[in-house]
Structures are given as C-alpha cells and as structure tokens.
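The values are calculated or read from the model by the stated rules, or taken from the named source; none is laboratory data. As the structure is a prediction and not an experimental result, all values here were calculated from the model. FYI the Cβ positions are ideal-geometry reconstructions off the backbone, even for glycines, and counts take in every protein chain you see.
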Amino acid sequence: MNAEFMEALGTLEKEKGISKEILIEALENALVAAYKSNFGKDTVTGGARVDVDRETGAVHLYISKTVVTDVEHPMAEISIEDARRINPLYYEGDVIEEEIKPRNFGRIAAQTAKQVILQRIKEAERGKIFEEYSEKECEVLTGIVQRVDRTGIYMDLSHTEGFMDMAETIRGEEYEPSMRLKVYLLKVNRTTKGAQVIVSRKHPGLVKRLFELEVPEIQSGIVQIRGLAREAGSRTKVAVYSTDPKIDAVGSCVGPKGIRVERIVNELRTEKIDIIEWDQDPVMFIAKALSPAKVTMVYINEEQKAARVIVPDDQFLLAIGKEGQNVRLAVKLTGWKIDIRSQSQINDEIFSEEDIQASDPHEEME
C-alpha cells in the first residue's frame, strides 16, 4: 500500500461518507487477523499489532515477545541478551514489540485491504439505506412489484427492497410483477443483510397519507383529519374539520368535480370512502358518522359512552350496512357504542309498554 491508496481512502470518505480513520482501524485489525491466520500460529494470542502510516500508507507489523532466559518459542519469546541489545533496561518478564516482515505479507495485506474496504462500503451503504427509510416510517412510498410468493409481496422501492406480508394486503387485490403501487411504510428493521423495509396496503395510515398528498388544505393545516376508520378493500370513513369557517372541509377533500377523492379511490382499487364533517357535539358527530343513512334522533349516555340512534324504517338497513359494516365503522370512528333502532321498532316498544300498563292486575282487582 502507498500514498495513492491513502488518497483513494480519502475519496471514499467524501463519496460514501465513511470515515477514513474508521477504514484504517478496520484494516489494521483485519491485517492482524490475517497475520495470525497465515504466519502467527505460534504467537501468543493478541500479541500482534499492525500500524498503517496515515500519510504514506506504509504497513508496519509488530509482534509482542516476552523477555526470557531460555527461548523455547522464538515467535513469542526473546532472550534477555537480545533484548538488552535493543535496550539495556530490559529484564526477564518484560514484553517488547519487534517489527517483522513476513514473506508475502504485502500481497496478503493488499488482498485484506480490498476485502475490508468492500465490506465497509457495503455496511455504510446498508446503514445509509436504514437511516433513509427509518426517516420515512409512516409515509407513503411508490413501489413496483417484483415477485409474489406465499409469504408476501416483494417490491422495488428504488434504493432497496420492500416486503409486504399477505396480512397487510388488501383483500381481493391481485398483485402482479411490474405493477406500480403506493404503500404505507410500517417499519424498518436492521438485519445482518441490511435494512428490511416492511410496507402495507391495509393500514389506515395509507388512506390518511393519500388525503394529505391530494388535498392542499390538509397539507397547510387548514383542514384536519380528526378520525379515520377503515376496512381495507371495502370501505373507509374519514372525519375532517376546517379551522377556517370559510373553508368547507368535506368539499376540500372531495375536490372539484370529485377529482381529489376519485384519485384516492382509484389508488385503492375502488374502495368506497365516506367523508364526513367532524363535530364536537357527539350527537351530531354520531349522526354524521352513519352517513349515507339519514338519522331521526340520537340519544346518548355520556357515562357509558353509548348512543341509541333512531332512523326512518327505509333507512334502517342502510344505517346498519351490509353485514353491519356501516355501523361498525361508525363505532370505530366516533368511539361510541351505537344501538340503531327503526321508527317502527321504537313505536312497538312504546305500544308494548302501554299494553303492560293497561293490563295492570291491581287496577283489575279494584
């Protein structure tokens, strides 16, 4: 190794962001290991040291030797006579360092340097990718499907590969190689092979981020998403609120001629989206959350955080939704227990109570 090699390390430091000193220290440790493996089988463990000149790149190899009266292991011991030729103050039991130059060590040093540098470059690049994607957690990324197997979907995310478990896919959505999709970055794991980027199409955060990307009023903070409940691939309810009375929160999210919400629906493969206005009054909020059904009356029990909702007979099935989906999403969105009754059911309950009162046995006895 020479000065040109040191210059190359300096270039790597600038281009890859790898500290030159860290590279040299790693190289020194690797050269010690290489020496022990190839030449130092008889040396005392840990008795070798390599020093790389930071200016010239020259490599100096030193081994530790113990001063003894009778030398039995020449690679690990030195006679007291030879030691005192170096320094008269040495005594038996002292440890000295002696520079040695094993044959072919220069070739081994060059090979080791190449391996160490390539390994450090890989580690540095992996570290950069980990940091880059760790900062993007909970964000939306665009990926291209590479392959699909039983475990999940593998995607090209530009600088690394993303993995989407089957449990994080949208039910009924089919994935094919070369398909371009927007995904939600769940988390990034550090592994021995580099960063493992876990993504999702199912997470409610995907819908939230898509609205933030499509609606400028949300980006600016004028319109806020106050709640979101999702059953991926089927339906989502989003509660929005405007901090400016002049700005229509729902209209902003829908967009001119519905173009903003349409883009989101298309990205989610026709998943239905109900956009409602968030309201501080739980009665109003619950009524709106059951949209598109129309509500007649809402009675709430604040202590139990439960609500009884009355709807016209022709709105009952719509309020409940297919397999109870509409009311289920409304419960998730509002955080209130919701019991829906039709007007006919309420009337029947009233009539039943009147019948019971009319047939009071005490009155008959009188």
Of all the strands (runs of 3 or more DSSP E) wholly in the stretch 151-215, which have at least 1 residues that are of a type in the set (S, T, N, Q), loosely packed, with under 14 Cβ neighbours inside 10 Å and within 15 Å of the chain's Cα centre (by Cα)? 180-191
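Please tell me if Val188 is in contact (Cβ under 8 Å) with a residue 60 or more places away in the chain, farther than 23 Å from Lys272 by Cα and out of contact with any His (no Cβ under 9 Å at 6 or more places or on another chain). Steps first, answer last, please.
Values: in contact (Cβ under 8 Å) with a residue 60 or more places away in the chain: no; farther than 23 Å from Lys272 by Cα: yes; out of contact with any His (no Cβ under 9 Å at 6 or more places or on another chain): yes.
Spelling it out, it is not the case that Val188 is in contact (Cβ under 8 Å) with a residue 60 or more places away in the chain, farther than 23 Å from Lys272 by Cα and out of contact with any His (no Cβ under 9 Å at 6 or more places or on another chain).
Out of curiosity, is Thr270 surrounded by fewer than 16 Cβ atoms within 10 Å (Cβ to Cβ) and assigned by TED's automatic domain parsing to the domain that holds Gly227? Steps first, please.
Working: surrounded by fewer than 16 Cβ atoms within 10 Å (Cβ to Cβ): yes; assigned by TED's automatic domain parsing to the domain that holds Gly227: yes.
Taking the combined requirement at face value, the residue satisfies it.
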If I filter the stretch 220-252 down to residues being part of a helix (DSSP H, G or I) and out of contact with any helix residue (DSSP H, G or I) (no Cβ under 6 Å at 6 or more places or on another chain), which single residue comes out as surrounded by the fewest Cβ atoms within 10 Å (Cβ to Cβ)? Ser220
Every residue from the stretch 1-54 that is farther than 20 Å from Arg103 by Cβ, among the acidic types (Asp, Glu) and either modelled with pLDDT of 80 or more or in contact with a Ser or Thr (Cβ under 9 Å, 6 or more places away or on another chain) (or both): Glu7, Glu13, Glu21, Glu25, Glu28, Asp53
Lone qualifier among Phe316, Phe285 - being of a type in the set (Phe, Trp, Tyr), surrounded by 13 or more Cβ atoms within 10 Å (Cβ to Cβ) and farther than 30 Å from Tyr184 by Cα: Phe316
Among the candidates Glu55, Glu92, Glu99, single out the residue that is touching a residue at least 24 places away in the same chain (Cβ under 8 Å), in contact with a Phe, Trp or Tyr (Cβ under 7 Å, 6 or more places away or on another chain) and exposed (fewer than 12 other Cβ atoms within 10 Å of the Cβ). Glu99
Take the stretch 280-290 and flag every residue that is in contact (Cβ under 8 Å) with a residue 24 or more places away in the chain and part of a loop (DSSP other than H, G, I, E, B). Leu290
